[in-house]
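The values are calculated or read from the model by the stated rules, or taken from the named source; none is laboratory data. These figures come from a predicted structure and were not determined experimentally. Methodologically, a virtual Cβ is constructed for each residue, glycine included, from the backbone with ideal geometry; neighbour enumeration extends over all protein chains shown. Surface accessibility is based on the protein's heavy atoms, side chains included, excluding ligands, DNA and RNA. Shrake-Rupley method; radii C 1.70, N 1.55, O 1.52, S 1.80 Å.
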Amino acid sequence: AFEDTEGRSSLSGSDFGKPKNDQAFAEAFLALRAALKVVTASARPLQEKECGREKQARQDAFDLCFKVIESDGDPPSGAQCTSEERAELRLTAASNALALCCANKEANRELSASRYASLASVLVDRDDVVRNEFARKLSHVVQSGQAPFAR
């Protein structure tokens, strides 16, 4: 899936397809995108009852997701990313925050109104791919009954 090209990598399977002009994705982008997915996956509950570690893992995952959303997709490390990479990071962060909300009822109670507002802001993102894809994902979880916050 990855090919090295002078400090940047190309990635297949992106929501945005290939980078413009056959450029490669920045390694910082790929690392943060993977970290968002791994941190979120590790924060999902494995059982009905959770331990303190799971709650802290979920809080850490939310913190990372919302840091990316609220910073307009800029990596927390300060690494440089293209506007397309930042857009995909916003989408990835929002999608993973949504997945955490759907995976656990407690997660909905832990989110503040300002974080819900940040998540809702993705629905009016300036990038149409981000807006449309997040709206599609939100619609799917609401229609399928997977969203406890929509009941």
Residue 81 vs (1) touching a helix residue (DSSP H, G or I) at 6+ places or on another chain (Cβ under 7 Å); (2) assigned to a helix (DSSP H, G or I): all pass except (2)
Within the stretch 36-51, residues open to solvent by 60 Å² or more (accessible area, probe 1.4 Å) and at pLDDT below 70 come out as 46, 47, 48, 49, 50
If we keep only residues of the stretch 84-125 that are not small (Gly, Ala, Ser) and not in a helix (DSSP H, G or I), then the residue surrounded by the fewest Cβ atoms within 10 Å (Cβ to Cβ) is 111
Looking at residue 118, is it of a type outside the set (Lys, Arg) and touching a residue at least 40 places away in the same chain (Cβ under 8 Å)? yes
Of (1) more than 14 Å from the chain's Cα centre (by Cα); (2) within 21 Å of residue 33 (Cβ to Cβ); (3) free of Cβ contacts under 8 Å to residues at least 24 places away in the same chain; (4) open to solvent by less than 60 Å² (accessible area, probe 1.4 Å), residue 128 fails just (4)
* Verdict on residue 74 being modelled with pLDDT under 80, within 18 Å of residue 130 (Cβ to Cβ), assigned to a loop (DSSP other than H, G, I, E, B) and open to solvent by 60 Å² or more (accessible area, probe 1.4 Å) -> no
Requested in this report: For the stretch 15-35, indicate whether the set of residues that are at pLDDT below 75, open to solvent by 50 Å² or more (accessible area, probe 1.4 Å), acidic (Asp, Glu) and under 21 Å from residue 121 (Cβ atoms) is non-empty.
Outcome: yes
Scanning the stretch 77-100 for residues that are modelled with pLDDT of 90 or more and β-branched (Val, Ile, Thr) gives 92
